[in-house]
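Read through the structure below, which is laid out as structure tokens, and then see the notes.
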Amino acid sequence: MAGLAGRFARRWFSGLLGSPLQVPALGLHVRGPAMLASQKDFNNAVSQVKLLKEDPGNEVKLKLYALYKQEAARQNYVDLVSRLSASSESPSPEAPAADRKQPESDSLVVTSEDGITTIRLNRPAKKNALTTQMYHDIIAALQAASKDESAITVLTGSGDYYCSGNDLTNFTHLPAGGLEEMARSAAALLRDFVNCFIDFPKPLVAVVNGPAVGISVTILGLFDVVYATDRASFHTPFSHLGQSPEGCSSYTFPKIMGSSKAAEMLLFGKKLTAQEACAQGLVTEVFPDGTFQKEVWARLKAYSKLPPNAMRISKQIIRNREKEKLHAVNAEESSVLRERWQSDECMNAIASFLSRKAKL
Ligand SMILES: CCCCC/C=C/CC(=O)SCCNC(=O)CCNC(=O)[C@H](O)C(C)(C)COP(=O)(O)OP(=O)(O)OC[C@H]1O[C@@H](n2cnc3c(N)ncnc32)[C@H](O)[C@@H]1OP(=O)(O)O
């Protein structure tokens, strides 16, 4: 058993931290408890960690990753400052770097126009992966949209992706209560997040502008209409990640596409093209990428002029009898995931992605 644990620890750490060549050449001091440690000390620690015979446990591994990321963040900071210095030899005093408009300052942008409230995921450099803050912000945006003047609410993404699902680095932000506490609070947040979609009272439309992964796919079963570009794909790689379905997909997907097609997606992670997703009823209509935005928004603007109360009431009639069931499914999925997030299967998959060795 100890041998197995040792092999596991070595594989995990070499996956996480890579060979010494992959460790960022920081030329900086390590932060936190090792404030005075040099780059050499850091490299030594990296080597030592790979020689550990015992698996130190998932919680310690996540802490190590988080500390490692802080070093990477410092390097990014240094790189950015040196790029800024190179591009502007003497920055003007009126425009200090911190005050300049950042192209990606907001991860979520909410606008209301022409009777449509649009919630736009706006982290294109990270394929619109959902940070913990974004879950909270989406909940707040949906709550506000349910009460505003608009007739229709739209969720879409900036850039080439719709959304790459949960930001896998969320798992590295361990609270004082450790992994167990992290899993507990993530499950509670997930439940609140999905509940907002279940209860949303107005027509809810997904404008899927590119590939969609994970939770951004599963919640589509809770939307009223899903329009997709022909560049979109739909991927739920839960088994690959040691996880299990959420967003009520364990109930909505079999209902929408039949149990065996749902199983291919949710158990085996089969990725669907936009056309396949449309044929299976997950997507309402597919548009050529070149005319996607123009066609979809023209259509939505026309729909938004329909009597809003009639649309609300029709949605209620269609959805209300399912609500109780959906809430129960959401509660069960969240509680199963709470356990999954503490499993070795899940930790290994996340470590693998974070060490840049695994992508979908
Ligand atoms: C409250 C908690 C609720 C939790 C609910 C649970 C939900 C479950 C899920 O959503 S499971 C799905 C999780 N998502 C993934 O596994 C996707 C992981 N990402 C990838 O496999 C790839 O990034 C890709 C296929 C989406 C895109 O590949 P591509 O080669 O085109 O681009 P890059 O990999 O270079 O990505 C650009 C940068 O974006 C970062 N990134 C992308 N997705 C994520 C993500 N999900 N989490 C964290 N980071 C992500 C990627 O690391 C690159 O960053 P870098 O430029 O700093 O290297």
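The values are calculated or read from the model by the stated rules, or taken from the named source; none is laboratory data. Bear in mind that the values here come from a model prediction, so they are computed numbers and not experimental data. Positions of Cβ are backbone-derived with ideal geometry, glycine not excepted, and every protein chain shown enters the neighbour counts. Areas reflect the complete protein model, heavy atoms only, side chains present, ligands, DNA and RNA absent. Shrake-Rupley method; radii C 1.70, N 1.55, O 1.52, S 1.80 Å.
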Review point. Would you say Leu220 is in contact with a helix residue (DSSP H, G or I) (Cβ under 6 Å, 6 or more places away or on another chain), touching a residue at least 60 places away in the same chain (Cβ under 8 Å) and either near the ligand (Cβ under 10 Å from one of its atoms) or of a type outside the set (D, E, K, R) (or both)?
Key: no
Practice item. Would you be able to tell me the number of residues in region 264-283 that are among the small types (Gly, Ala, Ser) and open to solvent by 30 Å² or more (accessible area, probe 1.4 Å)? Key: 2
Review point. What are the residues in region 163-203 that are under 30 Å from Lys305 (Cα atoms), crowded, with 19+ Cβ neighbours inside 10 Å and either of a type in the set (Asp, Glu) or under 14 Å from the mean Cα position of the chain (by Cα) (or both), if any?
Key: Cys163, Phe193, Val194
**Study point:** Filter result for the condition that a residue is of a type outside the set (Lys, Arg), over 20 Å from Asp137 (Cα atoms) and at pLDDT 95 or above, over Thr236, Thr218
**Key:** Thr236
Check your understanding: Of the residues that sit in region 158-186 and are hydrophobic (A, V, I, L, M, F, W, C) and near the ligand (Cβ under 8 Å from one of its atoms), which one is farthest from Asn128 (Cα to Cα)?
Key -> Ala186
Review point. Is it the case that region 284-293 has a residue that's within 21 Å of Arg340 (Cα to Cα) and either part of a helix (DSSP H, G or I) or open to solvent by 70 Å² or more (accessible area, probe 1.4 Å) (or both)?
Key: no
Check your understanding: Can we say Asp137 is part of a helix (DSSP H, G or I), within 14 Å of the ligand (Cβ to nearest atom), within 15 Å of the chain's Cα centre (by Cα) and surrounded by fewer than 20 Cβ atoms within 10 Å (Cβ to Cβ)?
Key -> yes
Review point. Of the residues that make up region 349-358, is at least one among the β-branched types (Val, Ile, Thr), more than 14 Å from the ligand (Cβ to nearest atom) and either part of a helix (DSSP H, G or I) or surrounded by 13 or more Cβ atoms within 10 Å (Cβ to Cβ) (or both)?
Key: no
